[in-house]
Amino acid sequence: MALRNRIRHRAYSFINIFSLTVGLATTIFIFMWVMDEISFDKFHANAGRLYTIMINNKAPDGTIQTYGATPAKLKEAIVKELPEADQVTQLSMETDLLIKYQTNSFSEQGVYADTALFPIFSFPIIRGNIKNPLEDINSIVISEKLAKKLFGNEDPIGKSIQVGQSSQHIITAVFADLPKNSSLRFNFVLPFDLYIKENPWTQHWKSGGSRTWITLKSGASLKEANRKLGGMIKKNCDDCTTSPFLFQFAKTHLYNEFENGKNAGGRIGQVMLLSVVAIIILALACINFMNLVTARSATRSREVGVRKIVGAGKQSLIAHFIAESVLLSFIALLFAVIIVQLLLPFFNTVTDKSLQLDFTDPVFVAGLLVITLISGLISGIYPAFFLASVKPAIVLKGQPHSLLSGGGLRKTLVVFQFATSVVLIIVTITIYNQISFIGNKNLGFEKDNVIVLDQNEAIAERYSAFKNDLLRFPSVKGIGFGGSNIFTIPITSSDPVWQGKTQTSSVTFKVFRCDEDFIPALGIEILAGRNF
């Protein structure tokens, strides 16, 4: 009977199904995005007791800056002085290096780390030395993807590859490609001892050239561990103004913002906001369904009256209309899945994700079914009770339109639907204007027609020749050399000295290294003084 009604009233059915389809499609997109966001770093076997060490740095004015760059010497102190610690590992910041084997060469992102990296994190080694993959400074561990790029189907273990311009390293192990929901991203791992050898400045307690993670022993007190860890840097460095603390690694992706030394949320705000938006949009679709059904109650009242006369009970009628609503929801789900599949590449481009409809994932399938079932129940429960309460005598007297009198709830739903739609439209326009403002805002330099080339050792060593070759192109107006991307400056320092600076003062400066042509090339205005 539900299908018969849908076929007989095609326009009405189309509006209902289309409304639910749009609502479900939007909800599925947001549901997939939220699921991906909350899954970050949860796959590690030690996720419940895995912590990253954060640093609170107190400035002279009392403000506290929080970051994840730790002194390289901190690991040794933790091993000796923190009995609550089970395992400790250190990593450098990610770095891009040229990886070369014979004629194959690629610029790849990697890290320097110690051997404890693999036992602490669930990055399984699938080939080679599992127990001690970074046995000496000439070792290197590469990802399965990089091994395929360099060697094809050959066994990479034991082969020598060039890292950078001249350094040779022996491949001792291959690890499985990192999951897409890992906040750590790298394709090769070099020994941390080599990093210390190449960067002796890391041995100063004021440096922040590494990142440190630890797992606590089962039953260990986090509060006690933080108490002991908090004074560890100050204990070894009298003039240091930094104090470390433990923060659960599985939370760092969503709770990555700190204000004055305290966690202030982060991406979790976006997750919650979009979740609310999804609920609102789905609610609007359900309300649309309710209003359409109740508006057509005069038409269906004859059906209800006749069925009651021939013996249909109120409960059976309620069940019938709810089942009809749930059926419509699942039809809408089918169309919504098709829409999501078609628009997913565009959605991934906008959100910088690699999401897929995975019907083998029980959590994803269960989520779809629950969302659809709830939508069907919410959409149909009020119309079901409304229609099931029809009195046959009123219908037989030819007064079905009297059913619409006193529709307070229906009018309230209509007002809510329109008011919410207006709010969402205003919010959308505001967000659009804000994005346009950001896109057109003067950032202090000329960003139009600027091309950024990632440098490597070869370019750095032969920069003058490289620059002269580029300047021969008539389309090249100017060239500046910078030490990093201008938006992500990785080098910080508290070494600058000025007149009146106290010995206990520690102010962190971001340091950008560049040549004399950088400021003119980007049209940066000098307020005082002169260029280099």
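The values are calculated or read from the model by the stated rules, or taken from the named source; none is laboratory data. Please read all numbers here as calculations on a predicted model, not as lab measurements. Every residue, glycine as well, gets a Cβ built from its backbone with ideal geometry; the counts of neighbours run over all protein chains shown. Just the protein is used for accessible areas: all its heavy atoms, side chains included, with ligands, DNA and RNA removed. Shrake-Rupley method; radii C 1.70, N 1.55, O 1.52, S 1.80 Å.
What the table below lists for this structure:
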quantity	calculated
Candidate set: the range 496-532, residues that are touching a residue at least 60 places away in the same chain (Cβ under 8 Å) and open to solvent by 90 Å² or more (accessible area, probe 1.4 Å); chosen: the one nearest to LYS447 (Cα to Cα)	GLU525
Residue within the range 195-209 that is within 18 Å of TYR112 (Cβ to Cβ) and of a type in the set (A, V, I, L, M, F, W, C) present	yes
Residue count for the range 444-466, restricted to those that are more than 24 Å from ASP96 (Cβ to Cβ) and either surrounded by 10 or more Cβ atoms within 10 Å (Cβ to Cβ) or touching a helix residue (DSSP H, G or I) at 6+ places or on another chain (Cβ under 7 Å) (or both)	2
Close pairs (9 angstrom Cβ cut-off, 6 or more residues apart or separate chains): closer than 18 Å to VAL326 by Cβ in the range 1-20, surrounded by fewer than 10 Cβ atoms within 10 Å (Cβ to Cβ) anywhere	SER13/ILE7
Qualifying position, being exposed (fewer than 11 other Cβ atoms within 10 Å of the Cβ), under 36 Å from the mean Cα position of the chain (by Cα) and not aromatic (Phe, Trp, Tyr), among THR492, THR488	THR488
Residues that are assigned to a helix (DSSP H, G or I) and either touching a Leu at 6+ places or on another chain (Cβ under 7 Å) or in contact (Cβ under 8 Å) with a residue 24 or more places away in the chain (or both), drawn from the range 429-462	GLU457, ALA458, GLU461
Unique residue being at pLDDT 90 or above and exposed (fewer than 15 other Cβ atoms within 10 Å of the Cβ) when the list is ARG185, ARG211	ARG185
Of all residues making up the range 188-207, the number that are more than 30 Å from GLN503 (Cβ to Cβ) and surrounded by fewer than 19 Cβ atoms within 10 Å (Cβ to Cβ)	3
Count of residues meeting criterion [surrounded by fewer than 19 Cβ atoms within 10 Å (Cβ to Cβ) and outside any loop (DSSP other than H, G, I, E, B)] in the range 50-65	4
Residues (more than 21 Å from SER166 (Cα to Cα) and in contact with a Gly (Cβ under 8 Å, 6 or more places away or on another chain)) located in the range 74-100	MET93
Options LEU20, LEU3; residue that is out of contact with any strand residue (DSSP E or B) (no Cβ under 8 Å at 6 or more places or on another chain) and open to solvent by 40 Å² or more (accessible area, probe 1.4 Å)	LEU3
Within the range 229-271, tally of residues that are open to solvent by 40 Å² or more (accessible area, probe 1.4 Å), under 17 Å from LEU50 (Cα atoms) and assigned to a helix (DSSP H, G or I)	1
Flag if VAL79 is more than 24 Å from the chain's Cα centre (by Cα), closer than 22 Å to LYS223 by Cα, in a strand (DSSP E or B) and not small (Gly, Ala, Ser)	no
VAL163 being more than 17 Å from ALA116 (Cβ to Cβ) and open to solvent by less than 20 Å² (accessible area, probe 1.4 Å)	yes
Lone qualifier among GLU525, GLU516 - being under 20 Å from LEU470 (Cβ atoms) and assigned to a loop (DSSP other than H, G, I, E, B)	GLU516
Single residue of THR95, THR115 found to be surrounded by fewer than 22 Cβ atoms within 10 Å (Cβ to Cβ) and out of contact with any strand residue (DSSP E or B) (no Cβ under 7 Å at 6 or more places or on another chain)	THR115
